[in-house]
Every structure is written in C-alpha cells, then in structure tokens.
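The values are calculated or read from the model by the stated rules, or taken from the named source; none is laboratory data. Worth saying up front: this structure is predicted, and the values here are computed from it rather than measured. FYI the Cβ positions are ideal-geometry reconstructions off the backbone, even for glycines, and counts take in every protein chain you see. Ligands, DNA and RNA are stripped out before the accessible areas are found, and what is left, the full protein with its side chains, is counted by its heavy atoms. Shrake-Rupley method; radii C 1.70, N 1.55, O 1.52, S 1.80 Å.
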Amino acid sequence: MSILSILIEPDKRLRQLSDKVSLKAVTDKDFGKFLDNMVETMIAKDGVGLAAPQVGENIRVITVNTKQGPLAMLNPEITKKSLTKDWDEEGCLSVPNTWGQVKRHKTVHCQFFDRAGQKQKIEASGLLARVIQHEIDHLDGILFIDKAKDIAKNYAM
Ligand code: NI
C-alpha cells in the first residue's frame with residue numbers, strides 16, 4: 001500500500017465532475033489496490049473521509065471512517081435527507097489549515113456499491129452524515145469553502 005498525494009485547492013482537477021465508476025472495476029486488482037491506498041491515505045492524514053478526485057482520480061469513489069472501520073463507497077448517492085440541518089465546523093485535506101461552519105442535513109440515507117460490487121444502503125447521522133455529504137460534494141467539484149461561513153485560516157509560524 002502507499003500514501004497518495006493530495007491535490008490542493010486551486011487545482012482544477014478538484015473542480016471537475018467525476019464519472020461513475022464501472023462496476024466491472026471491482027474485479028480489477030489495481031482498482032482494489034487503489035481503494036486500499038485511499039483508505040491508507042485517509043488514515044495517515046488523519047482524515048475522516050477522502051474522495052477520489054482529491055488524489056487525482058475523477059471517479060465517483062469515496063472512503064469514510066465509520067465506527068465499524070473504514071468504508072469504501074462506489075457511486076454513492078443520497079436517496080433521502082432529513083429536513084433538519086445543522087451547522088458544524090469542517091476542514092478538508094485539499095484546503096489545508098482552513099476551517100469553516102457548514103450547514104448539512106442531519107441525517108442522510110445513502111445508496112452505494114461496496115468494494116465487492118454489492119449494492120448497499122446506510123442511514124447516517126451526526127458526523128458520518130456530514131462526512132458523506134462533504135465527500136459527495138467533492139465528486140461534483142464542490143469544496144466546503146464554497147458553502148462555509150466564518151472561514152478561519154491558521155498559518156503555521
Ligand atoms: Ni474534503
């Protein structure tokens with residue numbers, strides 16, 4: 001496994017619309033390795049989630065940290081979202097040293113394919129719901145700074 005390098009805003013590749021991944025890819029050994037590398041990169045960088053475009057692949061793949069461990073989600077789609085929204089602080093590995101308050105749906109239902117190509121559904125709330133919304137935004141070329149208020153930057157001394 002290896003740590004992938006993260007693209008940093010204003011890299012144009014972060015602003016592209018990512019393509020759906022073909023489910024044939026799940027049988028591809030290199031694709032499996034890519035998912036392992038995404039998970040390893042997310043953990044190594046202390047991220048709670050990572051989207052493929054952040055490592056230069058414009059495909060609809062995200063990894064998220066769940067209570068059960070890291071999860072790779074292929075072609076994730078939000079199928080239902082709560083009317084209630086919450087503000088909370090977000091940051092992003094592609095926008096270093098920057099934080100802001102972002103309003104997100106409190107609960108989301110998400111449909112996706114797992115790394116074995118099986119269709120799955122999860123209902124997420126709290127931090128996981130926030131992370132899923134943030135990562136799916138990446139697949140549409142959207143960064144949290146596009147939506148955030150009270151953006152604060154921390155410059156290293
Ligand atoms: Ni991000």
Per its Cα gyration tensor (rounded if a/c is under 1.5, else prolate when a/b beats b/c, else oblate), the range 82-140 is best filed as oblate
For the chain, inverting the pair-averaged 1/r of distinct alpha-carbon atoms gives a Kirkwood value in Å of 15.8
Kindly provide the helix-only [θ] at 222 nm of the chain, computed as the sum of -39,500 (n - 2.57) over DSSP H runs of four or more divided by all residues, to the nearest 500 deg cm²/dmol?
-> -6500 deg cm²/dmol
Phi angles of the range 9-14, converted by Karplus (6.51 cos²θ - 1.76 cosθ + 1.60, θ = phi - 60°) into ³J(HN,Hα) in whole Hz with x for Gly and Pro, give 3, x, 5, 5, 5, 6
Give the long-range amide H neighbours of CYS92: residues separated by 5 or more places, or on another chain, with amide H under 5 Å away, using H modelled in the peptide plane at 1.01 Å from N.
-> THR98
Pick out, from ILE8, TRP99, VAL26, the residue whose Cα sits farthest towards the positive end of the charge dipole of the chain, with +1 on the Cβ of Lys and Arg and -1 on the Cβ of Asp and Glu.
-> VAL26
Distance in Å, no decimals, from the C-alpha centre of the range 20-72 to the one of the range 103-130 is 15
Taking R0 as 30 Å and r as the Cβ-Cβ distance between SER22 and ASP150, the FRET efficiency 1/(1 + (r/R0)^6), rounded to the nearest 0.05, comes to 0.15
Protein accessible area in the chain, 1.4 Å probe - carbon and sulfur % | 50
Springs between alpha-carbon atoms under 10 Å, Gaussian network over the chain: tell me which of GLY69, GLY117, GLY32 tops the mean-square fluctuations.
-> GLY69
